[in-house]
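What follows is a short report on a single structure.
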Amino acid sequence: MKQFTATATVRFKKSVLEPQGKAIQLSLAEKGSHEFSLVRVGKYIEVELEAESLEAAKQKMDKIAGDMLFNDVMETCEIHVNEKAK
Amino acid sequence: MKAGVLTFPGSNCDHDLVTALQKEYKADVELLWHTAPFETNHDIYFVPGGFSYGDYLRTGALAAQSKSMDSLRQAAAKGKPIIGICNGFQILCEAKLLPGALIRNTNLQHICEWSGLAGDGDWKGAFPAGYALPISHGEGNFICSDDELEDIKQNGQALLRYTNNPNGAMFDIAGLASKNKRVIGLMPHPERALAEQPDARVSHARYGRLFFEKIFALAAV
């Protein structure tokens, strides 16, 4: 078995209300910073896992992403997997 | 009547439901803890409100992965009636037993008030004018894809709709049924509306009863 590190970046779809980003943007505007026209907050999930191969590790990540890490009604998810440096 | 009430770490309306079912309806109620599968021999199941798993990841997301939910899926496959209230609605959506998802209220606030409701779809005309139930949630804003919404409308699945949409929910959806109408999720809390209320405007009809009568009719089928 090989060791892998993976990341999942979960973003709200553009059409979905994302209140944290909106609050940050409004806070910036209150301080006079009006150049930030959009702020969106997502989630960055780090995972360490074991698998036979890079391909197998990617499949495992895709599986848990679809089952659990993001909800495709409102979010998108981008996954990156790398073999862990020894 | 034998009722199962699923309980997760962070559920906080489970005992309200148990008390309501036992005291008001003399039901035989079993609390079902999330770590164990259960035998699907109850007449009806409830997924209660609260903040399961502290709302971590997404509301209802981690509860939807529980062992007890595997059993609940089996119960759903058998056509047993399943009612999710508030966080229970969110859990049923995350478990894909209901379409769509519930996101933050558009005003970004937790809303706790009596909310006007009307029956629609299969429940059109089921409740009197001025019908209301208490709501208390931060994430009750129902969303789904355009295709799903079209199906919901066509099949009469939007059983309860807000008369004065408090949270931004699509099509004013407060309560939603699955395609076969056996799984129902709703944001309002009928279990909190069984006692006489001090406010005369809402006390006269004990509105929660009308909801439970509709639900128990499902269990009898």
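The values are calculated or read from the model by the stated rules, or taken from the named source; none is laboratory data. Note that the structure is predicted; figures quoted are calculated from it, not measured. When we count neighbours, we look across all protein chains shown, and the Cβ atoms used for this are built from the backbone with ideal geometry, even at glycine.
Taken together, A:Val73, A:Val10 contain a single residue that is closer than 27 Å to B:Ser66 by Cβ and assigned to a strand (DSSP E or B), which is A:Val10.
Per this entry, B:Tyr25 is not counted among residues that are of a type outside the set (D, E, K, R), surrounded by 23 or more Cβ atoms within 10 Å (Cβ to Cβ) and more than 28 Å from A:Ile45 (Cα to Cα).
Scanning the range B:1-58 for residues that are touching a residue at least 40 places away in the same chain (Cβ under 8 Å), among the polar types (S, T, N, Q) and within 30 Å of A:Met74 (Cα to Cα) yields B:Thr7, B:Ser11, B:Ser52.
If I filter the range B:106-114 for residues that are modelled with pLDDT of 95 or more, surrounded by fewer than 23 Cβ atoms within 10 Å (Cβ to Cβ) and farther than 30 Å from B:Asp151 by Cβ, do I get at least one hit? Within the range B:106-114, one or more residues are modelled with pLDDT of 95 or more, surrounded by fewer than 23 Cβ atoms within 10 Å (Cβ to Cβ) and farther than 30 Å from B:Asp151 by Cβ.
Listed here are the strands (runs of 3 or more DSSP E) enclosed by the range B:26-113 that have at least 1 residues being within 14 Å of another protein chain (Cβ to nearest Cβ) and farther than 14 Å from B:Val5 by Cβ: B:101-103. When the range A:28-59 is filtered for residues that are in a helix (DSSP H, G or I) and buried (at least 17 other Cβ atoms within 10 Å of the Cβ), only A:Ala57 remains. The set of residues in the range B:76-94 that are buried (at least 24 other Cβ atoms within 10 Å of the Cβ) and either at pLDDT below 95 or among the aliphatic types (A, V, I, L, M) (or both) comprises B:Ile82, B:Ile83, B:Ile85, B:Ile91, B:Leu92. The sole residue among B:Ile143, B:Ile152 that is aliphatic (A, V, I, L, M), buried (at least 21 other Cβ atoms within 10 Å of the Cβ) and farther than 21 Å from A:Leu17 by Cα is B:Ile152.
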